[in-house]
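A.B. asks: Structure below; questions to follow.
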Amino acid sequence: MTYQMDSTIRRTALAATVAAAAALGLALPVLAQGNGLAMLGTLAKGEWTIKQRGSKVDRKICVKSGAELIQLAHRESGCSQFVVEDGASRVTVQYTCPGNGYGRTSIRRETGALVQIESQGIQGGMPFQLTAEGRRTGTC
């Protein structure tokens, strides 16, 4: 009986904390797994061209799930990700790559084949900032 009551009190306290944070407009990070980041799943699959502002070199990547757009500066696997914002037209993810830095990326969906990307952080001990447009340009 005591365990059930303690569990009920904890759930109620957690619900109150989440409600208070939402009322204040605070984002509560959650793991970037499961059903989160649904907006990325609405993007067209295939080859995407990333045009970084201030650079003459375009980059092409194969998008299968949309998550490939999160870590443009850190292409390695093994990075932990936390969802900061998971909206219908915008997602923001903060990630950490052990031994190679971290980043925070925001992706705004304009259409299923066009997004705006902003990312910044540390890679290899040096700061980076990326502002780019991603557009589906073919198949891969």
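A.B. asks: Taking K and R as +1 and D and E as -1, what net charge do the other residues with C-beta under 9 Å from the C-beta of A132 add up to?
C.D. replies: Values: positive: K51, R53, R59; negative: E118, E133.
So the surrounding residues net to +1.
A.B. asks: What net charge is computed for the residues neighbouring G87, neighbours being all others with C-beta under 10 Å from the C-beta of G87, Lys and Arg scored +1, Asp and Glu -1? Before the final figure, lay out the partial values.
C.D. replies: Details: positive: R90, R108, R109; negative: E85, D86.
With Lys, Arg at +1 and Asp, Glu at -1, the net is +1.
A.B. asks: A follow-up question, please. Would you please put 82-95, 50-63 in order of how densely packed they are, using the mean number of other Cβ atoms within 10 angstrom per residue and starting with the highest?
C.D. replies: On the way: 82-95: 17.1, 50-63: 12.7.
Result, highest mean Cβ count within 10 Å first: 82-95, 50-63.
A.B. asks: For a label point 7 Å from the Cα of T137 along Cα→C-beta, name the residues of the range 54-69 whose backbone N is under 13 Å from it.
C.D. replies: Within reach of a label on T137, which here means backbone N under 13 Å from a point 7 Å along Cα→Cβ, the range 54-69 contributes 56-63.
A.B. asks: To continue, here is another question. Take the Cβ-Cβ distance between K45 and E85 as r, set R0 to 25 Å, and report the resulting FRET efficiency rounded to the nearest 0.05. Show your work: numbers first, answer last.
C.D. replies: Details: r = 23 Å, r/R0 = 0.92.
After rounding, the FRET efficiency stands at 0.60.
Where a number appears in this text, it was derived from the coordinates with a stated rule and is not lab data. Remember, it's a predicted structure, so these values are computed and weren't measured experimentally. Note: ideal-geometry Cβ built from the backbone for every residue, glycine included; neighbour counts use all protein chains shown.
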